Amino acid sequence: MSGPLVRAEGLTVAFPGRDGPRPAVDGVSLVLERGQSLVIAGESGSGKSLLCRTLLGIQPETAAVSGRLEWKGRSLIGLTEAEWRPLRGGSIAMVFQDPTAALNPLLTVGRQIMDAVRAHRRCSGAEARARAIEVLGLAGLPEPERRLASYPFELSGGMRQRVAIALALSAGPELIIADEATTNLDVSIQAQIVNLLIRLRRELGLALIFVTHDLDLAAEVGGELMVIYAGQPVETGEVRQVLADPCHPYTRGLLRSAPTLRSTRAEPLRPIPGQAPRLGTVGAGAPFRDRCSVVVEGLCALRRPGWTEAGPGHRVACHRFARDGRAGLP
Amino acid sequence: MNAPILHAVAIEKVFAGRRGGAAVQALKGVSAVLHAGETLGLVGESGSGKTTLARILIGIEQPTAGEVRFRGRPVRSRAEWRAVRREVQYVFQDPFTALCPTMPIGAALAEPLAIHRLCPPAERPGQVERMLGLVGLDPGMARRLPSQLSGGQRQRVNLARALMLEPKVLICDEIVSGLDVSVQAQVLALLVELQRKLGLSLIFISHDLRVIRYMSDRVQVMLLGETVEEGSAAEVFDAPRHSYTRALLAAIPDRNRAPA
């Protein structure tokens, strides 16, 4: 079959507010081909988690979804629960930030995975058990057969996240969404989990949406990058290309705020002043304008910037960049 | 060289097993030295003992063996600890749980002054206002509740509260871990500025080696209750000697590293 796995155009997810709807995801367009990876980078309140939840149809009930969102050419907007059921887990699976909350503390690992297998496929207990062992192995758990009888509390945080990944793999999805799935783990475990997700993408041909606030981690994952601010994508392109040549003032600010292994106080970090706008208060205009040092007078406050080409496949939504190119950037 | 301002000497800590479980030896003869005006970075993963060590340094945990010295003198009695706690303050990781949800910020900041009976009640609001200014917050914050503040603002309030007693040493335990990158940079910049203005000595605990490198003069790497490497930040980061330090450094994501 041809065509991308996921296509979104002008996808908007808004909550009701006193003065009308407040968009928390605001006009997101994206295309994800099978086997490809997309990294969504943004800070808290950027709408990145809500975007992921919307792809899975688990956004809050008060949220109104508009625009286009398609899975293999079929619209995902307005599906009934019965229509979502085979897609969720069966086609699109999610790995959450906190594996302790994602797993049922009262059931063994094996029982939880076998339940997930049989929710999507009619099969015998023995077949479900075999599949559970298979996915635990894929997720890199040593002695997967013995792990079936373990309860989540008997496992370390890293092991629990591997179980959560096994659970996500259990019904054979084509897309895995990892929402800050490595954020609370120790650094060495974080590296292992990221490598596992990269390997699964390569070996099983899975598409991956990796959500993070860490641009260095984004570079390790690779693929396409979407930097999102206040619900709006501000810069997209191949990860390393964007990080080597960031063209949006926000992306540049993020990179200058984040220390690297070579940062010392001799070269002070340069924080982005102020804080992110509250949900749905951006209105018309460039979302980053209140914290931006290169605002275009009379334009950024009024009109939302369109995309400007910064290189092959590298696009930036910034009035300053559109007008002055790289020379105008802070 | 002068005596260190804070010195943990050969600390052992054993936690008794719960419900008949095996005892856990959290610290196996760890020493740590903090000189006046410097920043000591403590690095390690969960279970390395870095937080236990920090808790022993402010006396909220008792070592099984070993002792803590402040300005060269052992701290043992309750009275000695009370005196040290004015000079050594602890800033917690989660600024929300560290603040009482129903107490306005101003009252939370004035509380340490009241507990230590430091300044007359009438002068406390003035002190609170001065401190809010020092950490870059508006004086109007004093009337707000923690729930009305952003994560970065709460962490500033936490810092302000730790500084109310004009301590000499600040122990910062993962204080920027939960913050967004742009806010994290603001808090780090504030901490560097406060250290310079107030002549603070810092123990900075983090699992993020990038932040440790940025903040620290000296670094101590811990693994399973032991110190595996210590030295100047430049030595530890540019020429790590222990295999564990090298593994930790390799695990840190880095946009400048060649793709795998």
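The values are calculated or read from the model by the stated rules, or taken from the named source; none is laboratory data. Treat the numbers as computed from the prediction; the structure is a model and nothing was measured. Cβ coordinates were reconstructed from backbone atoms using ideal geometry, including for glycine residues, and neighbour counts include every protein chain displayed. Ligands, DNA and RNA are excluded from the accessible area calculation, which covers all protein heavy atoms including side chains. Shrake-Rupley method; radii C 1.70, N 1.55, O 1.52, S 1.80 Å.
Tabulated results
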quantity	calculated
The one condition in (1) assigned to a helix (DSSP H, G or I); (2) within 14 Å of another protein chain (Cβ to nearest Cβ); (3) polar (S, T, N, Q) that B:Gln127 fails to fulfil	(2)
Filter result for B:Ala108 (hydrophobic (A, V, I, L, M, F, W, C) and open to solvent by 20 Å² or more (accessible area, probe 1.4 Å))	no
Meets criteria (among the hydroxyl-bearing types (Ser, Thr, Tyr) and open to solvent by 20 Å² or more (accessible area, probe 1.4 Å)) for A:Ser44	yes
Residue tally, condition hydrophobic (A, V, I, L, M, F, W, C), over 21 Å from B:Lys28 (Cα atoms) and touching a residue at least 24 places away in the same chain (Cβ under 8 Å), over region B:210-247	5
Elements of type helices (runs of 4 or more DSSP H) in region A:105-188, at least 2 residues being touching a Pro at 6+ places or on another chain (Cβ under 7 Å) and without any contact (Cβ under 8 Å) to a residue 24 or more places away in the chain	A:125-138
Selection count where residues are buried (at least 18 other Cβ atoms within 10 Å of the Cβ) and within 10 Å of chain B (Cβ to nearest Cβ), scope region A:266-286	5
Residue selected from region A:140-177 under the condition within 14 Å of another protein chain (Cβ to nearest Cβ) and aliphatic (A, V, I, L, M), by the criterion most open to solvent (accessible area, probe 1.4 Å)	A:Met159
Residue in region B:213-227 that is charged (D, E, K, R), closer than 14 Å to A:Thr264 by Cα and open to solvent by less than 50 Å² (accessible area, probe 1.4 Å) present	yes
Verdict on A:Arg202 being assigned to a helix (DSSP H, G or I), open to solvent by 10 Å² or more (accessible area, probe 1.4 Å) and under 18 Å from A:Arg315 (Cα atoms)	no
Qualifying residue in region A:234-244 (condition: more than 22 Å from A:Ser37 (Cα to Cα) and assigned by TED's automatic domain parsing to the domain that holds A:Ala207)	no
Neighbours by Cβ (under 7 Å, 6+ apart or cross-chain): first from region A:208-236, in contact (Cβ under 8 Å) with a residue 24 or more places away in the chain and at the interface with chain B (Cβ under 8 Å from one of its Cβ atoms); second basic (Lys, Arg) and in a loop (DSSP other than H, G, I, E, B)	A:Leu215/B:Arg255; A:Asp216/B:Arg255; A:Ala219/B:Arg255
Residues satisfying the stated conditions in region B:72-105, i.e. part of a helix (DSSP H, G or I) and more than 17 Å from B:Gln155 (Cβ to Cβ)	B:Arg78, B:Ala79, B:Glu80, B:Trp81, B:Arg82, B:Ala83, B:Val84, B:Arg85, B:Arg86, B:Glu87
Residue check, A:Ala219 outside any loop (DSSP other than H, G, I, E, B) and touching a Lys or Arg at 6+ places or on another chain (Cβ under 8 Å)	yes
Number of positions in region A:54-84 that are outside any loop (DSSP other than H, G, I, E, B), surrounded by 18 or more Cβ atoms within 10 Å (Cβ to Cβ) and free of Cβ contacts under 8 Å to residues at least 60 places away in the same chain	1
Residues being more than 7 Å from chain B (Cβ to nearest Cβ) and within 19 Å of A:Ser49 (Cβ to Cβ) - total across region A:237-265	1
In region B:9-53, the residues that are crowded, with 17+ Cβ neighbours inside 10 Å and over 23 Å from B:Ala234 (Cα atoms)	B:Ile11, B:Lys13, B:Ala26, B:Leu27, B:Gly49, B:Thr51, B:Thr52, B:Leu53
Qualifying position, being under 30 Å from A:Ser46 (Cα atoms), over 16 Å from the mean Cα position of the chain (by Cα) and not basic (Lys, Arg), among B:Cys100, B:Cys119	B:Cys100
Subset of region A:309-330 (residues that are open to solvent by less than 60 Å² (accessible area, probe 1.4 Å) and in contact (Cβ under 8 Å) with a residue 60 or more places away in the chain)	A:Ala310, A:Gly311, A:Gly313, A:His314, A:Val316, A:Ala317, A:Cys318, A:Arg320, A:Phe321, A:Leu329, A:Pro330
Subset of region B:248-260 (residues that are of a type in the set (Gly, Ala, Ser) and either open to solvent by 60 Å² or more (accessible area, probe 1.4 Å) or part of a loop (DSSP other than H, G, I, E, B) (or both))	B:Ala250, B:Ala258, B:Ala260
All positions within region A:222-245 that are surrounded by fewer than 24 Cβ atoms within 10 Å (Cβ to Cβ) and part of a loop (DSSP other than H, G, I, E, B)	A:Gly222, A:Gly223, A:Asp245
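Each row is one residue, and each column tells you yes or no for (1) touching a Leu at 6+ places or on another chain (Cβ under 7 Å); (2) at pLDDT 95 or above; (3) charged (D, E, K, R).
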{"position": "B:Ser201", "(1), (2), (3)": "yes, yes, no"}
{"position": "B:Leu209", "(1), (2), (3)": "yes, no, no"}
{"position": "B:Arg218", "(1), (2), (3)": "yes, yes, yes"}
{"position": "B:Thr227", "(1), (2), (3)": "no, yes, no"}
{"position": "B:Gly231", "(1), (2), (3)": "no, yes, no"}
{"position": "B:Pro240", "(1), (2), (3)": "yes, yes, no"}
{"position": "B:Ala250", "(1), (2), (3)": "no, no, no"}
{"position": "B:Asp254", "(1), (2), (3)": "yes, no, yes"}
{"position": "B:Arg257", "(1), (2), (3)": "no, no, yes"}
